[in-house]
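The values are calculated or read from the model by the stated rules, or taken from the named source; none is laboratory data. Source: prediction; values computed, not measured. A quick note on method: Cβ atoms are made from the backbone with ideal geometry, for glycine too, and the neighbour counts reach across all protein chains shown. The area values use the complete protein model at the heavy-atom level, side chains included, leaving out ligands, DNA and RNA. Shrake-Rupley method; radii C 1.70, N 1.55, O 1.52, S 1.80 Å.
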Amino acid sequence: MHIGPEDLKNFLLDSNIVEKGVLEQTVSEAEKENKNLGSLLLEKKLIEEAELQKVYAYILGIPFVDLSKETIPIEVLQIVPELIAKKYNIVAFEKNGTNLKIAMLNPEDLQTIDFIRKKTGLKIVPCLTTRESIQTVLRQYEKSLKAEFGDILTGEIAPEGESKNEENLEQVAAGLPIIRIVDTLLKHAILESASDIHIEPDEKEVHVRYRIDGVLHDAMTLPKDTAGGIVARIKVLSNLKLDEHRIPQDGRFKIQSDEYKISFRVSMLPVFDGEKIVMRLLDESSKGLTLEKMGLSGTALEAVHREIKKPNGMILVTGPTGSGKTTTLYTVMDILNTSEVNVSTVEDPVEYRMPRVNQTQINPKVGMTFAAALRSLLRQDPDIIMVGEIRDQETLEIAMHAAMTGHLVLSTLHTNSASATLPRMIDMGAEPFLIASTVNVIIAQRLVRRLCVECRKEYHMTEKEIELLSKSYDIKSIFAFLKNDPVGKKFIEKAKDWSEVSFYKAVGCEQCGGEGYHGRNGIYEVLPMDTDIRKLITESATTEALEIQARKNGMSTMSEDGFLKIVQGITSLEEVMSATKE
């Protein structure tokens, strides 16, 4: 089953998948560096993995399968033990009589095929597949949350009447059932891509909920006698005081495996029936986001890239809590974070850890406020400063003076739109001429859920629905904007009015867990500063006047960006209305 570089080269030349000159150059590079030709082609992005595996399958005369959307019967899946499947990237997916079909990545792994044949006593039919397919099937080894808890919750976890001194709590926290309960809750939250875990005690039970794509879902209800043990276990993990139940506590811990590296930010709050726990999950293993992946496009994207390249000034990101402001700032820092610059931050709390970035956690109890930390930071010769949030006049003034004296300052503010940010800064006590000379660009944003591409359903609005929509939005100007937008016009160029525009609604399928949505995307309003806007700021113009001028200069509103993503099929009308309504 060996595929030589010559076989691969000849097939690629015959099928014209890779250009001849480029292929010849890659072959000689592979020979020179003693690298596998297929791996080098993937590394250089000259061929997709699925395409390469199909080529291998064709040369070897074995089938190619795509299992990324398949659900494998559990009895078939478990023929190959989970440890073997994960270690060798090989899974069983179909059994007919004495024949067992297995999907694999490496066609030359004859040893593992032989091992499975001897272990099962079945005739093995090897098939090639992609890494994405294997990962999808490997996730199916995980039991459901309810099934796992059925195994764990046998017998009492901790007697109700037991005294809660620190020694007893430590014993409970170290008890096997409690460790398994907490580990299982964390593991399933990671598997479901939750952003937060809420553990809430009430009079009789403990409720566990996961926030997935911005929406809370019930995950599990546990007996009340598990509450003390769960709290104690999470306090041990987070290095918090076990015997302190009267005041809030904050901590963090990390879970790392071959597949992920997740940091948990923990908040403990005393409530009437015990202590409520909220854990924020921060994926430190995820590949760096880009502004494009987050949803910025067109002139807005160009404006942001242009302004963040300037050596000084302020980049402000605005929006309500949970709208992705911090993620946007971290993405910008990731773009700017090179060995030539010193990047420093002042945050509350430090969310993601970034290499080569000096991150300072504020601590008001000892006088380390945003303003005090920022003042000290300016003596550290930074090129780029990120201030987690501008909350008061003092912090705002120091940040603006830093922007004037040769630093690039990134920060967030709580306002509803980009143009409302400028009057808000004046209300906070900033001088209009200082705002005009320091602010480079303002990005206002919201998050909307992405429609599942597997099950979304196309539809057209009725006259009644269009009439109702016109009461909330200026649909004539939005339609004109879409007709003129380079991306929007591709999707609605044949439409004469709204009744001919394709919309999509959420349905729900196995791929999205029945929700109809999977993942989130940003909708944006980007306001770069220019001469006209700066002049209006020095005149202390209203939000409305600033917005009118910004629109004349070509700024698209958040609603327009939302509708652009609706016609592209990225999100639904309901999501945009929910995010943009005042």
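Some observations on this one:
- Taking label points 7 Å from Cα along the Cα-to-Cβ direction, V271 and S477 give a separation of 4.3 nm.
- Note on surface exposure: T405, T26, T326 rank T405, T326, T26 by accessible area, highest first, 1.4 Å probe.
- Per residue accessible area in Å² of the range 24-111, where ligands, DNA and RNA are left out and the probe is 1.4 Å: 59 Å²
- Under the span-like rule (Cα at least 18 Å along the axis, Kyte-Doolittle mean at least -1.0), DSSP H helices of the chain: 20-33, 176-191
- Contour excess over end-to-end distance, with Cα ends at L40 and D218 and 0.36 nm allotted per residue: 59.5 nm
- Here's the picture: a label point sits 7 Å out from the Cα of L378 along the beta-carbon direction, and within the range 385-407 the residues with their amide nitrogen under 11 Å of it are 395-407.
- Stretched out straight at 0.36 nm per residue, the stretch from K457 to E302 would grow longer than its current Cα-Cα span by 52.6 nm.
- Comparing Cα centroids, the range 80-145 and the range 493-557 end up 47 angstrom apart.
- Of the options (i) 1.13; (ii) 0.92; (iii) 1.20, only one is Cα Rg over 2.2 N^0.38 Å as computed from these coordinates, and that is (i).
- Taking the centroid of alpha carbons for each part, the range 1-58 and the range 377-410 are 51 Å apart.
- Entries in K45/K483; K476/K565; K87/K261; K325/K471 that, when Cα-Cα distance is taken, lie over 24 Å: K45/K483; K325/K471
- Carbon/sulfur fraction of accessible area - the range 460-582, other protein chains in place, 1.4 Å, %: 50 percent
- Heavy atoms of the protein chains alone define the surface here; on that basis the range 366-443 has 38 Å² accessible area per residue at 1.4 Å probe size.
- In Å², nearest 10: area of S344 left accessible to a 1.4 Å probe: 0 Å²
- Cα lying deepest toward the dipole's positive end in the range 204-261, options V208, L237, Q249, charges on Cβ: Q249
- Distance violations [Cα-Cα > 22 Å] among K44/K309; K187/K276; K241/K365; K101/K187; K44/K86: K44/K309; K101/K187; K44/K86
- Bridges between two residues of the chain, per DSSP, are antiparallel at a rate of about 65%.
- Estimated at 0.36 nm per residue, the fully extended path between E292 and K254 surpasses their Cα-Cα distance by 10.8 nm.
- Mean ellipticity per residue at 222 nm, deg cm²/dmol - from DSSP H runs of n ≥ 4 across the chain, formula -39500 (n - 2.57): -12000 deg cm²/dmol
- FRET efficiency estimate (nearest 0.05) - Cβ-Cβ, E203 to R131, R0 30 angstrom: 0.05
- Only Lys, Arg (+1) and Asp, Glu (-1) charged, at Cβ; the chain dipole about Cα centre in debye: 580 debye
- Based on C-alpha pairs under 8 angstrom that are at least 6 apart in sequence, the chain has a relative contact order of 9 percent.
- When S556, S28 are compared by accessible area of protein heavy atoms, the largest-first order is S28, S556, using a 1.4 Å probe.
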